[in-house]
Amino acid sequence: MSMTLEHVNCIYSADTNHSVHALKDICLNIEDGEFIGLIGHTGCGKSTLVQHLNGLIKPTDGLITYDGQDIYGKGFNRKELRGHVGLVFQYPEHQLFENDVFADVCFGPANLGLDRKEVELRAYEALHAVGFPDDDFYSSPFELSGGQKRRVAIAGVLAMKPRILILDEPTAGLDPKGREDILELISKLHRENNMTIILVSHSMDDVAGYAERLIVMDHGSIVYDDVPREVFMNVRELEAMGLALPEVTYIMRTLKRNGYDVDDTLTTVDEAVDAIVALYKSRHS
Amino acid sequence: MGIIRTENLGYEYIRRDDEGNVSGITRAVDDVSIDVKPGEFIAILGHNGSGKSTLAKQINAILTPSEGEIYVDGMNAADPDKLWDVRQRAGMVFQNPDNQIIGQLVEEDVGFGPENLGVPTQEIWERVNESLKMMQMLEYSKHSPNKLSGGQKQRVSIAGVLAMHPKCIIFDEPTAMLDPHGRREVIRSARALNDVEKITIILITHYMEETIYADRIFVMDKGRIAMEGTPKEVFSQVEKLEELRLGVPQATLVAHRLKKAGLPIPDGILTRQELREALKACL
């Protein structure tokens, strides 16, 4: 189910002297099964943009369509849209509230008006999908570790069976292993269920490792929209925006500057190791 | 004598049921003995739930130890009469800037700490200006903190701690919510305070890259100190860190993988410059 944004503008507190032009003429097409990384410094409009995608914020002007239909058109069911476009907020574990994990995950699908059996089946599947152990289904969500809480919160959104899953900084505050686990989980949902993923992140290493398409925002506009490798060639521009390159790309650039014949646009550790090993072998054979 | 010294420190979180009976005990800090010298830059690593923040909160006397002792600048942090002195000596900067900013204006926010210490008004303003200047935020003194970026808000929080003239600042994941630029700003500020002002820094973080300039790193696991050493020593043990749910800086990871692939690369590479030098030697 593709989603399009045509000339979307969002102005907060319009008609006052505090008005903020948060989104400027955004045109975007999101196809089925894409894995998109969305980056930009704090306050660039990322969160405002993703909240437009499931109808939480209405654009000041412009058109948003889901599956070809205007989401603000007559008869469009926006409640259903929120089931299709799942949004995992920053620090989603702050929204856990039920007595036990299972009840918390049931909350979303129950609100879709499904019957009890279907609700519980979905909750069960969602908790399984995030790799949550059966034994802890009935423990209090507040007694879990940070990483486990976040899994439960993500399961709560998965239980709505979204086609598009948007995650706003899903790894913030987690330890390195916890970060890797959550990213692997997202990647699995993408691979196995062909779920469209939009990953909002401040970590260049994360988006470089997982996203197939990278959108960079600055001051409410989309500045770059391309494969990560192409985007990360704009070094000066990205740094001026308060962003950075993946550390690996910096390493490769350092080598290249020192006269080694390597590709300085590589973005992941695997690629870098392969390239350097190949260079070493070519010089020692 | 160390600025922060703990002896067999332990902390237990006790859960109680509705009737007030003990239903569970979690030992968050277990037999920790550390000695931090004045002017040191210490980094504390550890997975979520390893006890880092609990340890930090005891240094700041937010929590009092269940067992053992903790001395801040020679004062017992568990002594109720010394509470305010301990907090003045050892200031704390938390993860979320929005949870620690209370003033309507940046200067008001920074003045809150010294005002609570009973510092005379004239001196409060001097301290506010001096702290904001150190954090390069003086031009924002009449701004509302709400409109600042994440990194700027954290610098205001740091200025607020500085205005209390601490000897030690504990940073509890100060960059977790920031973008790369904000992260750099905050880490640079911490390093500058250490270099120039000789303030003792304790930095708790999940970003390995931020710790490579520390004098010493403590790695915590299950409430205990599992590893201790210079960044070079600690990050040489890639597999052990992975077992502890941690990682290493990216340059270290690349170097480690190259070594495994048969390249003669030494252990303990931390920066891309060091990696470049190591490769120059073998390519």
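The values are calculated or read from the model by the stated rules, or taken from the named source; none is laboratory data. Predicted model only: the values in this text are computed from it and were never measured. A quick note on method: Cβ atoms are made from the backbone with ideal geometry, for glycine too, and the neighbour counts reach across all protein chains shown.
Among the residues of the stretch B:260-283, those identified as under 26 Å from the mean Cα position of the chain (by Cα) and either assigned to a helix (DSSP H, G or I) or farther than 20 Å from B:GLY247 by Cα (or both) are B:ARG272, B:GLN273, B:GLU274. Would you confirm, using the coordinates I've provided, whether B:GLN58 is assigned to a loop (DSSP other than H, G, I, E, B) and under 26 Å from B:ASP30 (Cα atoms)? In short, no.
This table checks each residue for (1) within 14 Å of chain B (Cβ to nearest Cβ); (2) part of a strand (DSSP E or B).
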site: A:HIS41; (1), (2): yes, no
site: A:CYS44; (1), (2): yes, no
site: A:THR48; (1), (2): no, no
site: A:ILE57; (1), (2): no, no
site: A:GLY62; (1), (2): no, yes
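Return a yes/no flag: does the stretch B:222-233 have any residue that is outside any helix (DSSP H, G or I), under 27 Å from B:PRO166 (Cα atoms), in contact (Cβ under 8 Å) with a residue 24 or more places away in the chain and within 8 Å of chain A (Cβ to nearest Cβ). No, the conditions are met nowhere in the stretch B:222-233.
Within the stretch A:242-272, the residues that satisfy the criterion of being among the aliphatic types (A, V, I, L, M) and within 18 Å of A:MET204 (Cβ to Cβ) are A:LEU243, A:ALA244, A:LEU245, A:VAL248, A:ILE251, A:MET252, A:LEU266, A:VAL269, A:ALA272.
Only one entry of B:SER50, B:SER66 meets the criterion of being within 14 Å of chain A (Cβ to nearest Cβ) and at pLDDT 90 or above, and that entry is B:SER50. If you check B:PRO65 against the conditions, is it out of contact with any strand residue (DSSP E or B) (no Cβ under 7 Å at 6 or more places or on another chain) and of a type outside the set (A, V, I, L, M)? The answer is no for B:PRO65. A:ILE164 satisfies every condition listed in (1) more than 9 Å from every other protein chain (Cβ to nearest Cβ); (2) surrounded by fewer than 23 Cβ atoms within 10 Å (Cβ to Cβ) except (2). Of the residues making up the stretch A:176-195, one or more are under 27 Å from A:ASP32 (Cα atoms), in contact with a Ser or Thr (Cβ under 7 Å, 6 or more places away or on another chain) and facing another protein chain (nearest Cβ under 10 Å). Selection within the stretch A:189-211: residues that are charged (D, E, K, R) and in contact with a helix residue (DSSP H, G or I) (Cβ under 8 Å, 6 or more places away or on another chain). The member of this set that is nearest to A:LEU28 (Cα to Cα) is A:ASP206. From the set of residues in the stretch A:120-144 that are free of Cβ contacts under 8 Å to residues at least 24 places away in the same chain and under 23 Å from B:GLY46 (Cβ atoms), which is surrounded by the most Cβ atoms within 10 Å (Cβ to Cβ)? Out of the qualifying residues, it is A:GLU143.
Does the stretch B:113-133 include one or more residues that are more than 13 Å from chain A (Cβ to nearest Cβ), crowded, with 21+ Cβ neighbours inside 10 Å and outside any helix (DSSP H, G or I)? Checked against the condition, which is being more than 13 Å from chain A (Cβ to nearest Cβ), crowded, with 21+ Cβ neighbours inside 10 Å and outside any helix (DSSP H, G or I), the stretch B:113-133 yields no hits at all.
The residue that is nearest to the other protein chains (Cβ to nearest Cβ), counting only those in the stretch B:33-47 that are over 21 Å from A:GLY146 (Cβ atoms) and hydrophobic (A, V, I, L, M, F, W, C), is B:ILE42.
So that you can scan it fast, the table gives a plain yes or no per residue for (1) under 15 Å from the mean Cα position of the chain (by Cα); (2) farther than 29 Å from B:ALA159 by Cβ; (3) aliphatic (A, V, I, L, M); (4) at pLDDT 95 or above:
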{"position": "B:ARG16", "(1), (2), (3), (4)": "no, yes, no, no"}
{"position": "B:GLU40", "(1), (2), (3), (4)": "yes, no, no, yes"}
{"position": "B:ILE44", "(1), (2), (3), (4)": "yes, no, yes, yes"}
{"position": "B:LYS57", "(1), (2), (3), (4)": "yes, no, no, no"}
{"position": "B:ASP81", "(1), (2), (3), (4)": "no, no, no, no"}
{"position": "B:ASP85", "(1), (2), (3), (4)": "no, no, no, no"}
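Scanning the stretch B:244-269 for residues that are closer than 21 Å to A:LYS256 by Cβ and more than 7 Å from chain A (Cβ to nearest Cβ) yields a count of 5.
Within the stretch B:157-187, restricting attention to residues that are part of a helix (DSSP H, G or I) and either away from chain A (no Cβ under 14 Å) or among the aromatic types (Phe, Trp, Tyr) (or both), the residue that is surrounded by the most Cβ atoms within 10 Å (Cβ to Cβ) is B:ALA159. The single condition from (1) in contact with a Gly (Cβ under 9 Å, 6 or more places away or on another chain); (2) at pLDDT below 95 that A:GLN90 fails is (1).
One residue stands out in the stretch A:231-240 among those that are of a type outside the set (Gly, Ala, Ser) and farther than 9 Å from A:LEU214 by Cα: the one that is surrounded by the most Cβ atoms within 10 Å (Cβ to Cβ), namely A:PHE232. Condition check for A:ASN258 on (1) within 8 Å of chain B (Cβ to nearest Cβ); (2) surrounded by 15 or more Cβ atoms within 10 Å (Cβ to Cβ): one failure, at (2).
Results for (1) closer than 21 Å to A:SER221 by Cα; (2) crowded, with 19+ Cβ neighbours inside 10 Å, shown as yes or no for each residue.
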{"site": "A:ASN17", "(1), (2)": "no, no"}
{"site": "A:GLY40", "(1), (2)": "yes, yes"}
{"site": "A:GLY45", "(1), (2)": "yes, yes"}
{"site": "A:GLY83", "(1), (2)": "no, yes"}
{"site": "A:GLN90", "(1), (2)": "no, no"}
{"site": "A:PHE97", "(1), (2)": "no, no"}
